[in-house]
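Q: To start, I am sharing the structure in question, which I have written as structure tokens.
Since every read-out is calculated from the coordinates, none of them should be taken as a lab result. This is a predicted model, so every value here is computed, not measured. Heads up, the Cβs are rebuilt from the backbone with ideal geometry, glycines too, and the neighbour counts pull from every protein chain shown.
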Amino acid sequence: MTTEDQALGRYRGGLTTKIHMAVRGLGCPVRYILTAGQKGDAPQAQTLIEGLPADVVMAGTAYDSDRLRKTVADKGAQAVIINNPSRAKKYPLDKQLCAQWHVIECCFSKLKQRAGSGNLHSWD
């Protein structure tokens with residue numbers, strides 16, 4: 001088994017892994033993908049949201065791509081993706097929806113707490 005199969009990336013400090021996660025409106029995880037730390041974030045988004053119903057898709061700067069925005073629009077959902085600072089064409093953000101970003105952050109926080117305690121199987 002290679003490190004690629006295990007979603008382990010290399011960095012100066014050691015091995016790295018990224019967690020990409022789709023979260024429901026109330027903050028419960030729906031789907032996740034593990035990748036090596038050096039893999040790009042935006043290419044993972046397509047697989048992550050495929051087949052999931054959504055009215056709104058929120059994502060951070062690292063996921064900002066025209067391809068993802070088109071995929072979200074094709075789903076009939078609203079894209080709330082924070083603009084990458086290097087983006088020439090800036091898209092407007094819905095400030096009220098951006099205020100809900102804490103729901104995603106809380107989900108990751110719970111995941112980290114459970115990973116530290118070895119209790120990932122129970123989610124409440």
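Q: For the stretch 15-124, state which chymotrypsin sites (Phe, Trp or Tyr not before Pro) are in a DSSP loop and have at most 12 other beta carbons lying within 10 Å of their beta carbon.
A: In loop regions of the stretch 15-124 (DSSP not H, G, I, E or B), the sparsely surrounded chymotrypsin sites (Phe, Trp or Tyr not before Pro) are Trp123.
Q: Another question, if that's okay. Assuming R0 = 35 Å, can you tell me the calculated FRET efficiency for the pair Ala62 and Leu26, based on Cβ-Cβ distance, to the nearest 0.05? Please list the in-between numbers first.
A: On the way: r = 24 Å, r/R0 = 0.68.
Efficiency computed from Cβ-Cβ geometry: 0.90.
Q: For the stretch 9-117, build the convex hull from the C-alpha positions and give me its volume per residue in Å³.
A: Roughly 118 Å³ of hull volume per residue.
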